[in-house]
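Quick notes on the structure that follows.
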Amino acid sequence: VTTTEEPAIVDSPPLSNLTQEELKRIAGYKAVEFVESGMVIGLGTGSTAKYAVARISELLREGKLKDIIGIPTSTTTHQQAVSLGIPLSDLDSHPVVDLSIDGADEVDPALNLVKGRGGSLLREKMIEGASKKFVVIVDESKLVKYIGGSGLAVPVEVVPFCCDFTRGKLEELFKEAGCKAKLRMKKSGSNGGGDAAPAVTDNGNYVVDLYLERDIGDLEAASKEILRFPGVVEHGMFLGMATTLIVAGKFGVTVKDR
Ligand code: 5RP
């Protein structure tokens, strides 16, 4: 356990020649070292988490892990896990999760996260919030000085009903931080080339992306304010939830506990 901002454990030589994709794989594989036979595992979503899911299935096939139950955080991860033969369940049947492994879009020095640029924040927050241990896996590009500091968005899942009303309320809430709130649209070509349409989450909701010019300061207060709007389902700030951070970067792999 460390309280410094420096990496706690450096257990590999410098990885400076590796691509970002290779760093994601290294972080994903490292997290699976925390998995033990018999565990219920929250399976994260995204281009980093997919490596952890693949590694778990590999170890199951080799007989090095046994009796794992996976709880997928998205329909995409559900499909990946089914295709790899990982036994699956859900929070209704397994309300306590031993360990979750997932990526993040941003990680601040206190291990607060932004998640949901892949659109899966609600299921991720439900499953990772029910986990005894939550291991976050990132390459070093995700480390930020403050939440919103990468210049990319803080996502908020909203109900479709009058979503522009909710979008406007969110923009107004963070106007001091220069917030621009934008309804997330489907990627071009993903709706058959027709008119632009909002992106829809696994839960049938929309996403409003908050682009912040400045630090919003008190994150717990901001969280409460966001959740006060009835049209908001959940937001992508994961505050105080990560128990361990694994970072793969040019300095090697570091593991830091909160
Ligand atoms: C999906 C997420 C992902 O964990 C997050 O977007 C990081 O993804 P990646 O590892 O592909 O960068 O929150 O909703």
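For this structure, a couple of remarks:
- Per-region count, region 120-149, residues surrounded by fewer than 23 Cβ atoms within 10 Å (Cβ to Cβ) and closer than 22 Å to residue 199 by Cα: 3
- Checked across region 52-66, the condition of being under 17 Å from the mean Cα position of the chain (by Cα) and not hydrophobic (A, V, I, L, M, F, W, C) holds for no residue.
- Matching residues in region 35-52 - criterion: being part of a loop (DSSP other than H, G, I, E, B) and away from the ligand (no atom under 11 Å from the Cβ): 35, 36, 37, 38, 39
- Any hit, region 161-181, residues being surrounded by fewer than 17 Cβ atoms within 10 Å (Cβ to Cβ) and under 21 Å from the mean Cα position of the chain (by Cα): no
- Boolean, residue 141 is under 21 Å from residue 51 (Cα atoms), out of contact with any strand residue (DSSP E or B) (no Cβ under 7 Å at 6 or more places or on another chain) and not aromatic (Phe, Trp, Tyr): yes
- Scanning region 150-160 for residues that are crowded, with 20+ Cβ neighbours inside 10 Å and of a type in the set (A, V, I, L, M, F, W, C), we see that the one that is farthest from the ligand (Cβ to nearest atom) is 158.
- Here residue 59 fits the description: away from the ligand (no atom under 16 Å from the Cβ) and part of a helix (DSSP H, G or I).
- Of all residues in region 223-238, those that are more than 16 Å from the ligand (Cβ to nearest atom) and touching a helix residue (DSSP H, G or I) at 6+ places or on another chain (Cβ under 8 Å) total 5.
- Selected residue (criterion: farthest from residue 232 (Cα to Cα)) from residues of region 108-119 that are more than 6 Å from the ligand (Cβ to nearest atom) and surrounded by fewer than 24 Cβ atoms within 10 Å (Cβ to Cβ): 109
- Qualifying position, being more than 8 Å from the ligand (Cβ to nearest atom), more than 21 Å from residue 152 (Cβ to Cβ), part of a loop (DSSP other than H, G, I, E, B) and at pLDDT 95 or above, among 98, 92: 92
- Taken over region 71-89, the residue count meeting the criterion of being within 14 Å of the ligand (Cβ to nearest atom), touching a residue at least 12 places away in the same chain (Cβ under 8 Å) and either among the hydroxyl-bearing types (Ser, Thr, Tyr) or in contact with a strand residue (DSSP E or B) (Cβ under 7 Å, 6 or more places away or on another chain) (or both) is 6.
- Residue list for region 62-86, filter: assigned to a loop (DSSP other than H, G, I, E, B) and in contact with a Pro (Cβ under 8 Å, 6 or more places away or on another chain): 68
- Scanning region 120-149 for residues that are within 11 Å of the ligand (Cβ to nearest atom) and closer than 22 Å to residue 184 by Cα yields a count of 7.
The values are calculated or read from the model by the stated rules, or taken from the named source; none is laboratory data. All of these numbers come straight from a predicted model, not from anything done at the bench. We place every Cβ from the backbone using ideal geometry, glycine too, and count neighbours over all the protein chains shown.
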